[in-house]
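The block underneath contains the structure these notes are about, expressed in structure tokens.
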Amino acid sequence: MRAGATGRFAPSPTGTLHLGNLRTALLAWLYARAQGAPFLLRIEDLDRGRVRERYEVEQLADLAAIGLDWDGAIVRQSARTDHYAEALATLDAAAATYPCWCTRAEIREASSAPHGPLPEGHYPGTCRRLTAAQRADREASGRPPAIRVAAGAAAIAFRDRLHGEQHGVVDDFVVRRNDGAYAYNLAVVVDDGAQDVGEVVRGDDLLDSTPRQLWLADRLGLGGRDGMSFAHVPLVLGGDGARLAKRHGAVTLADRAEQGESAGEVRARLAASVGLAAPDERPSPAELVARFDPERFAPPPSGPLPGL
């Protein structure tokens, strides 16, 4: 077992898992199990307006159906808001946050203007530079602010198992929304730290969020995050080249069952799509663990699932 190789999968119960979600879950499970490490399940249910209990039930059943198991109790973010509040208080005490009243339109306009070292689309710190009078005007408006970190365009470098050396510039990202909900980046850093997660496997659409999370972990004193391993795996795409979604047809486990495809056959299809099985093979979960090498795994780039 590699020390600190604990893995996790963290779905949001806002819909049914599609085959792309299931492939990411399978790979996260394989990275952990191939290293003899625990695999944890965390439910990201902070978006109370979209979360539905029935989706969580379906998601757990689908993960089990393709042969995945997990260790310990399932953690739900909705039960951990006190921990996020404590982390936010730590940032506040270090003068590492500020309120932001910008609307989405104002953010789009500001982020498209030249602003030094930040990549296009990053928040350039508009509300951090408000005068006392401007800040008083916004406070008097009665509109609740979001809370952003004052990152100062920090430069962060890390290595990803599949993408190699990465470098990013951290903008002043949101850690609490203006409706009071804690943001993904804050919650995931706090939870990974609390659960000693050391092997982060997720879709490569989240690659750009990693510098923010590493910066935040450092500010929260989670020094053990320095040894984390990252693997941002390719996404499954629809035939139109867009990220897989329900509009692409029979893309859930239930859909495939209606087409006469068993959960084991779906698992085999997912494994074959990343080079872990031949098209005519039906490997068991244990067989996939035995042949999975985290150091050598090199999946093809994002694309459609063959035969879907």
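Every number here is computed from the coordinates shown, using simple stated rules; none is lab data. Since the model is a prediction, treat every value here as computed from it, not as a measurement. Methodologically, a virtual Cβ is constructed for each residue, glycine included, from the backbone with ideal geometry; neighbour enumeration extends over all protein chains shown.
Go ahead and collect, in residue order, the members of the range 124-150 whose backbone nitrogen is under 18 Å from a label point 7 Å along the Cα-Cβ direction of ARG177.
143-149
Considering only C-alpha atoms, what is the centroid distance from the range 266-308 to the range 1-56, in Å?
18
When the dipole is taken about the Cα centre of the range 65-128, and only Lys, Arg (+1) and Asp, Glu (-1) are charged at their Cβ, what size is it in debye, to the nearest 20?
Numbers: 5 positive and 8 negative charges, 40 e Å.
The calculated dipole for the range 65-128 is roughly 200 debye.
Where does helix 210-219 land angle-wise versus the long Cα axis of the chain, in degrees 0 to 90, nearest 10?
Its long axis makes an angle of about 60 degrees.
Under a point-charge model restricted to the Cβ atoms of Lys and Arg (+1) and Asp and Glu (-1), what is the dipole moment magnitude of the chain relative to its Cα centre, in debye to the nearest 20?
Values: 36 positive and 41 negative charges, 97 e Å.
Result for the chain is approximately 460 debye, rounded to the nearest 20.
How much net charge surrounds ASP204 when only other residues with a Cβ under 13 Å from its Cβ are counted (Lys, Arg +1; Asp, Glu -1)? Working shown, then result.
Numbers: positive: ARG23, ARG161, ARG202, ARG243; negative: ASP160, ASP205, ASP208.
Combined, the nearby Lys, Arg, Asp and Glu give +1.
How much length is gained if the chain between ALA194 and ALA155 is pulled fully straight, taking 0.36 nm per residue apart and subtracting their Cα-Cα distance, in nm to one decimal?
11.5 nm
Taking the simple approach of a point 7 Å from Cα along Cα-to-Cβ for both GLU109 and SER78, what is their distance in nm?
Using points 7 Å along Cα→Cβ, the separation is 3.8 nm.
Hey, got the dipole for the range 93-176? About the Cα centre, +1 on K and R Cβ, -1 on D and E Cβ, debye to the nearest 20?
On the way: 11 positive and 9 negative charges, 48 e Å.
So the magnitude is around 220 debye.
What residue among ALA94, GLY303, TRP215 has its Cα farthest toward the positive end of the dipole of the chain, where the charges are +1 on Lys, Arg and -1 on Asp, Glu, each on the Cβ?
ALA94
On average, how much area does the Cα convex hull of the range 35-181 cover when viewed from any direction, in nm²? Provide the component values of the computation, followed by the final result.
On the way: hull surface 50.7 nm².
Spelled out: convex hull of the Cα atoms, projected over all directions, averaged, 12.7 nm².
Given the options ALA133, PHE230, ALA79, identify the residue whose Cα lies farthest towards the positive end of the charge dipole of the chain (+1 on Cβ of Lys, Arg; -1 on Cβ of Asp, Glu).
Sorting the options by dipole projection puts first ALA133.
Under the rule that a partner needs its Cβ under 4.7 Å from the first Cβ, which Cys of the chain have none?
When partners are defined as cysteine Cβ atoms under 4.7 Å apart, the chain leaves CYS102 without one.
Just one of [x] 28.8; [y] 16.9; [z] 19.4 is mean projected area of the Cα convex hull in nm² calculated from these coordinates, so which is it?
Identified label for the calculated read-out: [y].
Give me the extension gain from ASP293 to GLU261: residue separation times 0.36 nm, minus the current Cα-Cα distance, reported in nm with one decimal. Spell out each step's value before the answer.
Numbers: separation 32, 0.36 × 32 = 11.52 nm, distance 2.77 nm.
Result: 8.8 nm gained on full extension.
Rounded to the nearest 5, what is the percent of antiparallel bridges among the DSSP beta bridges in the range 165-308?
Around 25 percent antiparallel, to the nearest 5.
Highest mean first, what order results for 166-174, 72-80, 120-128 on Cβ atoms within 10 Å?
166-174, 120-128, 72-80
What fraction of the DSSP beta bridges in the chain is antiparallel, stated in percent and rounded to the nearest 5? Display every interim value, and only then the final one.
Working: 16 of 29 bridges.
Given both bridge residues lie in the chain, the antiparallel proportion sits at roughly 55 percent.
How do the peptides 265-271, 236-242, 10-16 rank, highest first, by the average count of neighbouring beta carbon atoms within 10 Å per residue?
Per-residue Cβ counts within 10 Å, averaged per peptide and sorted highest first, yield 265-271, 10-16, 236-242.
Taking a quarter of the surface of the convex hull around the Cα atoms of the range 93-176, what do you get in nm²? Walk me through the intermediate numbers first.
Working: hull surface 28.0 nm².
Projected area, direction-averaged: 7.0 nm².
Which of HIS163, HIS18 has the fewest other C-beta atoms within 10 Å, and how do the rest follow up to the most?
Ordered by Cβ neighbours within 10 Å, fewest first: HIS163, HIS18.
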